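Q: After the structure tokens below, expect a handful of questions from me.
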Amino acid sequence: MTRTIRFPAHQIALASFVLACAALLSGCNTVEGLGEDVTAGGRAIERAAD
């Protein structure tokens, strides 16, 4: 006797969408932070050169 398991595709699709959105939003914060670090590094180099 074979049992079939119902696949909750809509729930998995919704969870995947939420996780993708969370990853994109956290990625924006990471890129912004990286830009600030690079800017701070450039200022430190300018001060050292003067």
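The values are calculated or read from the model by the stated rules, or taken from the named source; none is laboratory data. In this text the structure is predicted, and so the values were computed from the model without any measurement. Reconstructed Cβ throughout: ideal geometry from the backbone, glycine too, with neighbour counts over all protein chains shown.
Q: Among the residues of segment 3-12, which ones are assigned to a helix (DSSP H, G or I) and loosely packed, with under 10 Cβ neighbours inside 10 Å? Before you say what the answer is, go through the steps one by one.
A: If we filter segment 3-12 for residues that are assigned to a helix (DSSP H, G or I), which is where we start, we get 9-12.
Those that are assigned to a helix (DSSP H, G or I) and loosely packed, with under 10 Cβ neighbours inside 10 Å: ALA9, HIS10, GLN11.
Q: Ok, one more. If CYS28 satisfies all but one of (1) over 12 Å from the mean Cα position of the chain (by Cα); (2) not in a loop (DSSP other than H, G, I, E, B), what's the number of the condition it fails?
A: Failed condition: (1).
Q: Go through (1) within 28 Å of the chain's Cα centre (by Cα); (2) at pLDDT below 85 for PHE17 and report which single condition fails.
A: Unmet condition: (2).
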